[in-house]
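*Asks:* So that we are looking at the same thing, I have put the structure below in structure tokens.
The values are calculated or read from the model by the stated rules, or taken from the named source; none is laboratory data. These numbers were taken from a predicted model, which means no experiment stands behind them. So basically every Cβ, Gly included, is an ideal-geometry build from the backbone, and we count neighbours across all protein chains shown. Remember, those area values only see protein heavy atoms, side chains included, never the ligands or the DNA or RNA. Shrake-Rupley method; radii C 1.70, N 1.55, O 1.52, S 1.80 Å.
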Amino acid sequence: MSQNTLSEREREDAVAAQPGASAKRWWILAVVALAQLMVVLDATIVNIALPSAQADLGFSDGSRQWIVTAYALSFASLLLLGGRIADLFGRKTAFLIGVAGFAAVSAIGGAATNFEMLVTARALQGAFGALLAPAALSLLNTTFTDAKERAKAFSVYGAIAGAGGAVGLLLGGILTDAFDWRWTLYVNVVIALFAFAGGWLLLHNHRDATNSKLDVPGTVLVASGLFALVYGFSNAETHDWGSALTWGFLIAGVVLLAAFTWWQTRSSHPLLPLRILLDRDRASSFVAVLISGAGMFGVFLFLTYYLQLNLGFSPTKTGVAFLPMVAALMVAAQVSTTALVPRIGPKVVIPLGFAIAAVGMAWLTGIGVGSSYLSAVLPQLIVTGFGLGLVMPPAMQLATGGVAAEDAGVASATVNAMQQVGGSIGTALLNTLAASAATDYLAGKDPTNKLVQAQATIESYTTAFWWSAGLFAAGALIAFLLYRRGVPEQDPDAAPVVHM
């Protein structure tokens, strides 16, 4: 590390020691949380508005998935690049450019006059999000150094990661009902104004990797590999698993990522230093984030359809219905990061969380055509949310804790990439299984009968819930086998970062 970088760190430590610095840290946390929430919200906020947008712009049923997928594709494929740019050129700079760019393309999307304009804006949102998100959370390297304060900060971010999707559904429903689908995009401009102002006033432009260079071959390999992998799973939604296009992209993605891994062992300035992946608890946490991202999809997507199409909930009421899950997740996030993991370690807490979430999803398979939300959905949502709150925040903390300061941005980006790829796998897998279940149920029955049609949709939902439960159960076993025993050691000089 250069003398210039050392002096930056020393200046920041001196600032942190001044009176009032503690209050400033929590204001920085609020600013970063606001920006992070904006990124997480946009993974789901548009979903509820899709029917209105489709009616307004006139695009087909086959095209509508790309409004969601365009965001995930660019976000997942550019995350590692965004994390490394933040490390190289300064996190405050990356944060402010990411916030401003995200707001600008959100406004363009809100003003879209056709399908192509909307899809392009969504893809650009993902690109700016990939720059903003790693910069936002790696800024906490120089903000939270006290172990107790750091644990509280991680619990906040864990709650945002797990609950952001549900909050997006709620906000998307409210904005669509009260105003117009375009406000699900315009709202980012309002959020960004506060995040940009706070970032400009409070943040320091700290850089830890000033002597490194950007790994161009590694960037091309990992971006194209993640793009191919996510595109392949997304293609399986609209085609079938036997499609040559689906398997072609999946195989290409695996080959490109394997080539990327090989190149990282040869590059003098690797984009993803393999030392980040070699710690056992960190690698286990990456897997836990991947599995939780895949399984959570079954909660949000299929339950949203059930509440609206079967129980007749409005978009706003659907979003409100998820709030108890959000509350349970936030409580569990606080308990897991500040009390449980520091005392008994992740080998007990994270498998237990997965097991509780699996029970909640299995319990949710009891829904029927005439079920009540209060008895057949609400308790199950609370159980599932509490279980995920025991998994996601500590997994994200461990996945990024203890990394060298110069690797903080790319480590936090890796966590987000795992969550995005997991969500894409969940999208393709559960959608395909649900559709097959509905088709099998209709075989030999009258498809024009409304009761038969309703029961077919229930079969598709419960199949997805069973598979989500299976994913969480597998996560419990894998986490128990992979995590080390005991409480993780915390290096007081390390620069842990978490990213959702």
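*Asks:* Exactly one condition in (1) open to solvent by less than 40 Å² (accessible area, probe 1.4 Å); (2) of a type outside the set (A, V, I, L, M); (3) in a helix (DSSP H, G or I) is false for Trp467; which is it?
*Replies:* Among (1) open to solvent by less than 40 Å² (accessible area, probe 1.4 Å); (2) of a type outside the set (A, V, I, L, M); (3) in a helix (DSSP H, G or I), the lone unmet condition for Trp467 is (1).
Yes or no, residue by residue, for (1) crowded, with 18+ Cβ neighbours inside 10 Å; (2) in contact with a Ser or Thr (Cβ under 7 Å, 6 or more places away or on another chain):
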{"residue": "Ala294", "(1), (2)": "yes, no"}
{"residue": "Val299", "(1), (2)": "yes, yes"}
{"residue": "Thr304", "(1), (2)": "yes, yes"}
{"residue": "Pro315", "(1), (2)": "yes, yes"}
{"residue": "Val320", "(1), (2)": "no, no"}
{"residue": "Pro324", "(1), (2)": "no, no"}
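*Asks:* For segment 260-279, what are the residues that are modelled with pLDDT under 85, assigned to a helix (DSSP H, G or I) and over 17 Å from Val421 (Cβ atoms)?
*Replies:* Arg275, Leu278
*Asks:* Which residue is surrounded by the fewest Cβ atoms within 10 Å (Cβ to Cβ), if the candidates are limited to segment 99-124 and must be touching a Gly at 6+ places or on another chain (Cβ under 7 Å) and closer than 19 Å to Ile85 by Cα?
*Replies:* Residue satisfying both the conditions and the ranking: Phe102.
*Asks:* Please return the ranges of helices (runs of 4 or more DSSP H) entirely within segment 326-440 where 1 or more residues are small (Gly, Ala, Ser), in contact with a Ser or Thr (Cβ under 8 Å, 6 or more places away or on another chain) and buried (at least 20 other Cβ atoms within 10 Å of the Cβ).
*Replies:* Those helices (runs of 4 or more DSSP H) span 346-364, 378-400.
*Asks:* Now for a separate question. Part of a helix (DSSP H, G or I), out of contact with any His (no Cβ under 7 Å at 6 or more places or on another chain), more than 13 Å from Gly129 (Cβ to Cβ) and modelled with pLDDT of 65 or more - does that describe any residue in segment 4-24?
*Replies:* yes
*Asks:* I'd like to know if segment 156-168 contains one or more residues that are among the hydrophobic types (A, V, I, L, M, F, W, C), in a helix (DSSP H, G or I), surrounded by fewer than 23 Cβ atoms within 10 Å (Cβ to Cβ) and modelled with pLDDT of 70 or more.
*Replies:* Within segment 156-168, one or more residues are among the hydrophobic types (A, V, I, L, M, F, W, C), in a helix (DSSP H, G or I), surrounded by fewer than 23 Cβ atoms within 10 Å (Cβ to Cβ) and modelled with pLDDT of 70 or more.
*Asks:* With respect to Thr304, determine if the residue is of a type outside the set (Phe, Trp, Tyr), within 30 Å of Ala135 (Cα to Cα), modelled with pLDDT under 85 and part of a helix (DSSP H, G or I).
*Replies:* For Thr304, the condition - of a type outside the set (Phe, Trp, Tyr), within 30 Å of Ala135 (Cα to Cα), modelled with pLDDT under 85 and part of a helix (DSSP H, G or I) - is not met.
*Asks:* Would you mind telling me which numbered condition in (1) touching a Pro at 6+ places or on another chain (Cβ under 9 Å); (2) open to solvent by 30 Å² or more (accessible area, probe 1.4 Å); (3) of a type in the set (Gly, Ala, Ser) Ala476 fails?
*Replies:* (2)
*Asks:* Related question: Do we find a residue being polar (S, T, N, Q) and open to solvent by less than 10 Å² (accessible area, probe 1.4 Å) anywhere in segment 80-96?
*Replies:* No, because not a single residue in segment 80-96 is polar (S, T, N, Q) and open to solvent by less than 10 Å² (accessible area, probe 1.4 Å).
*Asks:* Next question, about the same structure. In segment 441-452, what count of residues is obtained for those that are open to solvent by 60 Å² or more (accessible area, probe 1.4 Å) and farther than 30 Å from Gly232 by Cα?
*Replies:* 8
Yes or no, residue by residue, for (1) in contact (Cβ under 8 Å) with a residue 60 or more places away in the chain; (2) under 17 Å from Val187 (Cβ atoms); (3) part of a helix (DSSP H, G or I); (4) not polar (S, T, N, Q):
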{"position": "Lys92", "(1), (2), (3), (4)": "yes, no, yes, yes"}
{"position": "Leu96", "(1), (2), (3), (4)": "yes, no, yes, yes"}
{"position": "Ser106", "(1), (2), (3), (4)": "yes, yes, yes, no"}
{"position": "Leu132", "(1), (2), (3), (4)": "yes, yes, yes, yes"}
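*Asks:* Checking the conditions here, which among Leu257, Leu290, Leu245 is within 29 Å of Gly353 (Cβ to Cβ), out of contact with any Ser or Thr (no Cβ under 9 Å at 6 or more places or on another chain), free of Cβ contacts under 8 Å to residues at least 40 places away in the same chain and not in a loop (DSSP other than H, G, I, E, B)?
*Replies:* Leu257
*Asks:* A further question follows. Taking segment 441-460 as the region of interest, how many residues are polar (S, T, N, Q) and in a helix (DSSP H, G or I)?
*Replies:* So the count comes out to 4.
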